[in-house]
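Worksheet for the structure shown next.
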Amino acid sequence: MTLILDPDDPTGWREAPGAADRERADEPRSAGHAASDRLTAGLNPQQREAVEYRGPALLIVAGAGSGKTRVLTHRIASLIDGREAWPSQILAITFTNKAAAEMRERVEALLGEAAGGMWISTFHSACVRILRREAEAIGLSSTFTIYDSADQRTILKRIIKELDADTLGFTPASAQAKISKLKNELSDVETYARNVNTNDPNDVMFLEIFRQYTRRLRDASALDFDDLISETVYLFRAFPKVAALYQRRFRHILVDEYQDTNHAQYALIRELTRAVEPDVVAELDEHGVLVRGLTDATGAIPGASLTVVGDSDQSIYAFRGADIRNIVEFERDFPGAKVVLLEQNYRSTQNILSAANAVISNNFDRKDKKLWTADGDGERITGYTGYSAHDEAQFVADEIEALHGAGVAYRDIAVFYRTNAQTRALEEIFVRSALPYRVVGGTKFYERAEIKDAMAYLIAVANPLDELAIRRILNTPKRGIGPATETAIASFAEQNDLSFRQAMRAADGLGLGPKVTKAIIDLAKLLDAAAAMLVPSQKGIDEGTNEGASKVSDVLAFLIEGSKLVETLRTSRDPQDETRAENVEELLAQTKDFDRENPGASLVDFLTQVSLVAAADELDDASGTVSLMTLHTAKGLEYHAVFLTGIEEGLLPHQMSASEPGGPAEERRLFYVGITRARKRLYLSLAMSRAQFGEVSVAMPSRYLQEIPDELIDWKQSPGMATSRGGTQPRALNARRGGYGGGAGGGAWGTRDRDLERFSVTKSAAPKTEWANRVTGTVRDNGDLTLEAGDRIRHTDFGEGTVRQVTGEGTKRIAHVAFDSAGQKKLLIKIAPIEKL
DNA sequence: GGACAAAGCATTTTT
DNA sequence: TGCTTTGTCC
């Protein structure tokens, strides 16, 4: 075993003195005390206790908005400031990379100095860092590839096809879910094989799928997301000396969002907080690892102190294996643990908190906990029931414009929804209303086919064993290497015990046509040439740095040029290929940014970063746009104004959750998380009908809505009586579009007869063209329709109006229109459903 | 081996 | 409804 110095923290391994630092202890203690007062000033008694408590284990039960990030950052700062720990002895686990970056900034701001050497990262990033360093020990290349869900799917699809497993009902998705579940429980193939029921053909088949899947990842030197955690646990268990390096180094471990940890993550924390036995300490000492000052009377290094922060009411990842018991049973797992409860909320108004409390109190089997604030009731929650998803979206857009008009910045506004599919209606209306918005997560840039192609080139260069990547680019762009040729190379590789890549280099011996053979060898040469660019100079190798290696952007540029990837897209007849070419160029620009921001970083670093970005990492605080995201992505964030959309049965709670044990309770927590993101304004909206699979179906208000006391919600248009009569009667509508009827008058669930007439039972069953604000699926194009102030226009939804002003350029020209009955609107001239009169 | 058309299927949430 | 997969023809 080799002991490696931490490159970004040379003092970390050898000189970290821990609590018994002699030199520093000479400094006057009073300075430390003054500093610690500074770090606890302005905290409430519970927060202060959470910052100051010292002991082996601390559980901070932190309700939403109770200042837990503040407590965590102050706690870290106080450990460092009080000379109790070096920055390098801190390991803090956050849920997203963005949260990690923020936490680092805040700690450094508190300390007034850079605190390099702290590990603040996500579980996955921390594990990758450990695994790349220790890859050899578990027979893995340090340039291993990280496979995402799509990669897993591709592989499983191939396996299932080869095994004809679909006849037994296996799908890539089902196998993927099962494998993920097993890995999260730290059950590998061999463990599974021991417990398999050999009489059940389903079990036997699944075992074979699992086996092959594992073997292919191994052969490709690749790990999936779940492996990153479980392999680190296996590494620590199999190599106590390797584990000891990290157990010795990290003296203070802090885990945020502990309620969403799964069993594997829990096991990892257990391994990291284990004490180092005296005999292992002695061995470390022999290898020159500094242990002086860290050992106790028995010669062991005691386990690191553990701080976890969580709120079981915000556990929303059970589907991903998160085990709520990790937090519920913390006191049992870590005897003598101290528990601090943070209930005072500093984020939201009392009305919002009362709604949240009312909803979550319907979950039984939870410790009673009530959020409260000293900041007053604030405004009531606004409710709205749209006729359709588009109508609902229009309400959201109108309210956002009103908020913006009242001085709320777009970036302080967020719209949440349960499923990604709900963005469609919202986007259509937002585009039309010329509202600046951004969808966070969803279909990501890196999931686009052309980007995956370009990335596959880079991966194939970084990890020559990665067959998946090579196969992806084998015929992209088209170079005449079809499935038959691909199979020929694969079987040639198998027969001669070569890797796919080696087989490509030896394509001469395949007996293929001269054209195809040349294409294969040229591609192999291109990849080899790019790989040669990655080798550092002798100086770099000697110093263990990346010096002399080409920059990521240069390697990508070389590959794009050599493969004619962009060139092919540019000369293609398909008009969409132009956009694809631009996307690849955008990727190139991103690698340039990466090179600039991370001098000396390698290609593998870039690939790692791309693999591990979370949806919330894309958020740009300075962006000046409204943020759209799923409720899951919203965790940990907060906004001045929050719109919760689609609060309907079947959507929230989602249909799929009904059959899962604990499903409805988890959905309620999801709603709770959404509510508690709002600081000042909360909007709840739903639609009475929603299109899915192209069919329009009737939607019912969510059961959770009725859990919020009436007096907290001000319905601008309420859901009516539909829920009271067994759902046989379509919902009545009690207000007109545009002019809000103040539906709350007779109680939130009341109806008004006058308006019932307009949308009677028979009317609502009429073709959907009758519905207000219907939006056609196709994007309109008004070409170069020119409008100027004073023009009269007609809009399919808003009727007639007068153009007041035209702003913007080209395709982004916006008409500000005063409609005769619908009020003032902003419209994107190019695509709005309007005609000039 | 590639281009195009028809058919079938899909949507829960994510590192 | 809209995308992906499969089938057919050149």
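Determine the gain in length on full extension of the stretch A:Lys592-A:Asp554; use 0.36 nm per residue of separation and subtract their C-alpha separation, reporting nm with one decimal.
Working: separation 38, 0.36 × 38 = 13.68 nm, distance 0.85 nm.
Result: 12.8 nm gained on full extension.
Report the net charge of residues surrounding A:Ser174, where surrounding means a beta-carbon distance below 13 angstrom and charges are Lys +1, Arg +1, Asp -1, Glu -1. Before the final figure, lay out each step's value.
Numbers: positive: A:Arg153, A:Lys157, A:Lys178, A:Lys181; negative: A:Asp166.
With Lys, Arg at +1 and Asp, Glu at -1, the net is +3.
Kindly report the accessible area of segment A:359-427 per residue (heavy atoms of protein chains, probe 1.4 Å, no ligands, DNA or RNA), in Å². Write out the running numbers ahead of the final one.
Details: 2980 Å² over 69 residues.
I get 43 Å² per residue for segment A:359-427.
How many nm is it between the label spots at A:Arg505 and A:Ser537, if each spot is 7 Å from the Cα in line with the beta carbon?
Output for this residue pair reads 2.7 nm.
Between A:Asp279 and A:Asp791, what is the label-point separation in nm under the 7 Å Cα-to-beta-carbon projection?
Label-label distance for A:Asp791 and A:Asp279, simple model: 8.6 nm.
Explain nothing, just the number: relative contact order of segment A:449-615, from Cα pairs under 8 Å at least 6 residues apart, as a whole percent. Write out the running numbers ahead of the final one.
Numbers: 168 pairs, mean separation 37.5, N = 167.
Relative CO of segment A:449-615 lands at 22 percent.
What whole-number value in Å² describes the accessible area per residue of segment A:117-201 for a 1.4 Å probe? Don't skip to the answer; put the middle values down first.
Numbers: 3990 Å² over 85 residues.
Ligands and nucleic acids excluded, the result is 47 Å² per residue.
Report the label-to-label distance for A:Glu585 and A:Glu190 in nanometres (one decimal), using points 7 Å from each Cα along the Cα→Cβ vector.
Rounded to a tenth, the inter-label distance reads 5.3 nm.
How much of the accessible area of segment A:145-220, in percent, comes from carbon and sulfur atoms when a 1.4 Å probe is used?
On the way: 1950 of 4000 Å².
Carbon-and-sulfur percentage of accessible area, whole number: 49.
Quick one: which residues, 5 or more positions from A:Phe144 or on another chain, have an amide H under 5 Å from its amide H? H modelled 1.01 Å from N in the peptide plane, none for Pro or chain starts.
Long-range HN contacts for A:Phe144: none found.
Starting from 0.36 nm per residue, how many nanometres of slack lie between A:Ala409 and A:Arg237 once their C-alpha separation is accounted for?
Working: separation 172, 0.36 × 172 = 61.92 nm, distance 5.09 nm.
Answer, rounded to one decimal: 56.8 nm.
Provide the per residue accessible area, probe 1.4 Å, for segment A:529-684, rounded to a whole number of square angstrom. Numbers along the way, then the final one.
Numbers: 6840 Å² over 156 residues.
Result: 44 Å² per residue.
What accessible area, in Å² to the nearest ten, does a 1.4 Å probe give for A:His252?
Here the accessible area works out near 30 Å².
So how long is each side of segment A:149-232 along the principal axes, counting just the alpha-carbon atoms, biggest first, in Å?
Taking the Cα atoms of segment A:149-232, the three principal extents are 33, 26, 20 Å.
To the nearest 10 square angstrom, what accessible area does A:Thr571 show with a 1.4 Å probe?
Accessible area, nearest 10 Å²: 110 Å².
To the nearest 0.05, how large is the calculated FRET efficiency for A:Val339 and A:Ala137 if R₀ is 41 Å and r is the Cβ-Cβ distance? Present the calculation step by step, with values, prior to reporting the outcome.
Values: r = 37 Å, r/R0 = 0.91.
That pair, A:Val339 with A:Ala137, gives E of 0.65.
May I ask you to give the percent of accessible area on segment A:381-478 that is carbon plus sulfur, with a probe radius of 1.4 Å? Display every interim value, and only then the final one.
Working: 1570 of 3190 Å².
Result for segment A:381-478: 49 percent of the exposed heavy-atom area is carbon or sulfur.
What's the FRET efficiency of A:Ser623 with A:Arg270 using the Cβ-Cβ distance as r and R₀ = 56 Å, to the nearest 0.05? Before the final figure, lay out the partial values.
Working: r = 40 Å, r/R0 = 0.71.
The value I calculate is 0.90.
What length, rounded to one decimal in nm, is gained on full extension from A:Ala484 through to A:Asn202, with 0.36 nm per residue of separation minus their alpha-carbon distance? Could the numbers behind the result be given before it?
Details: separation 282, 0.36 × 282 = 101.52 nm, distance 3.12 nm.
Full-extension gain reported as 98.4 nm.
Can you work out the FRET efficiency for the pair A:Ala818 and A:Phe364, with r the C-beta to C-beta distance and R0 = 35 Å, to the nearest 0.05?
Details: r = 53 Å, r/R0 = 1.52.
That pair, A:Ala818 with A:Phe364, gives E of 0.05.
The values are calculated or read from the model by the stated rules, or taken from the named source; none is laboratory data. Bear in mind that the values here come from a model prediction, so they are computed numbers and not experimental data. Quick reminder, even Gly has a Cβ in these numbers, built from the backbone with ideal geometry, and neighbours come from all protein chains shown. Surface areas here come from the heavy atoms of the whole protein model, side chains and all, with no ligands, DNA or RNA. Shrake-Rupley method; radii C 1.70, N 1.55, O 1.52, S 1.80 Å.
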